[in-house]
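The values are calculated or read from the model by the stated rules, or taken from the named source; none is laboratory data. Nothing here was measured: the structure is a model prediction, and the numbers come from that model. All Cβ positions, even for glycine, are placed from backbone atoms using ideal geometry, and neighbour counts span all protein chains on display. Just the protein is used for accessible areas: all its heavy atoms, side chains included, with ligands, DNA and RNA removed. Shrake-Rupley method; radii C 1.70, N 1.55, O 1.52, S 1.80 Å.
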Amino acid sequence: MTTRIKPDEQRKQQIRAAATRCFVRRGFAATRLLDIAREAGLSKGGVYFHYRAKEALFHDILEAQFAALQARWDAEQDTDQPADRALHTLVLTHLQTLEQSPDEARFCNLMLAMASQNPEFREKFDHSLAAMRTRYADILCRGGFAGDPAVLARAVIALIYGVAAQSAADGQAALPLTAEQTAELAVRLARGPA
């Protein structure tokens, strides 16, 4: 059985994809709803019907990206897997998204910048980080790692976002390490000195 996406949701996906491209190309402040409408091949009214302001659109993009990330994490969860393998798989899943889509890597960098400038975005981002920390800490609590799982979870997330941030220096938004290399590094970091 196939699931049909309602036309309204399809239109919103089209607008979110166009807005993401505009935000990463021009920045949040410089992007106007008219720019997004042109990128989406719609009238300004077509965008305005769904999103009255670019802030609402940005929030919707954040929600959609976090929901997609959460869905990938939930799909990858295997409690029978050894903790080091589960950690590797989760980091790999997290970074493959950025590796496969340069716009997502660029958007990640924009999201980090926006969080420092806007309290509302910061709150959403903090909520996302808290969920990530919990997910990573749950794996790290299963044992075989050196140190406090909550601290290690923060370190692993810092590694992931540090790798993602370095993609800003590359014209193609390529990550400086592959997802596989970063996942292996995260497991070594969590295990502690050999």
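Structure above, values below:
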{"quantity": "Over region 88-171 - Rg/Rh using Cα atoms and the Kirkwood inverse-distance radius", "calculated": "0.99"}
{"quantity": "Alpha-carbon centroid distance for the pair region 73-133 / region 148-167, whole angstrom", "calculated": "10"}
{"quantity": "For the chain, size of Cβ-based charge dipole, Lys and Arg +1, Asp and Glu -1, in debye", "calculated": "700"}
{"quantity": "Per-residue HN-Hα couplings for region 139-153 [Karplus 6.51, -1.76, 1.60; θ = phi - 60°; Hz; x = Gly/Pro]", "calculated": "5, 5, 5, 6, x, x, 10, 9, x, 5, x, 5, 5, 4, 4"}
{"quantity": "For the chain, alpha-carbon Rg over 2.2 N^0.38 Å", "calculated": "1.11"}
{"quantity": "Region 52-163, relative contact order [Cα under 8 Å, separation at least 6], %", "calculated": "23"}
{"quantity": "Cβ-Cβ FRET estimate between ASP80 and ALA169, R0 fixed at 41 Å, reported to 0.05", "calculated": "0.55"}
{"quantity": "Segment GLU180-GLU63, extension gain: residue separation times 0.36 nm, minus the distance between their alpha carbons", "calculated": "39.5 nm"}
{"quantity": "Two-site label geometry, ARG122 and ALA56: point separation in nm, points 7 Å out along Cα→Cβ", "calculated": "2.5"}
{"quantity": "Protection proxy ranking, peptides 97-106, 129-138, average beta carbon neighbours within 10 Å, highest first", "calculated": "97-106, 129-138"}
{"quantity": "Computed lengthening from ALA131 to SER101, 0.36 nm per intervening residue step minus Cα-Cα distance", "calculated": "8.6 nm"}
{"quantity": "Region 82-139 - percent of accessible surface contributed by carbon and sulfur, probe 1.4 Å", "calculated": "49"}
{"quantity": "Pairs of Lys in the chain closer than 17 Å at Cα, counting only those 8 or more apart or on different chains", "calculated": "4"}
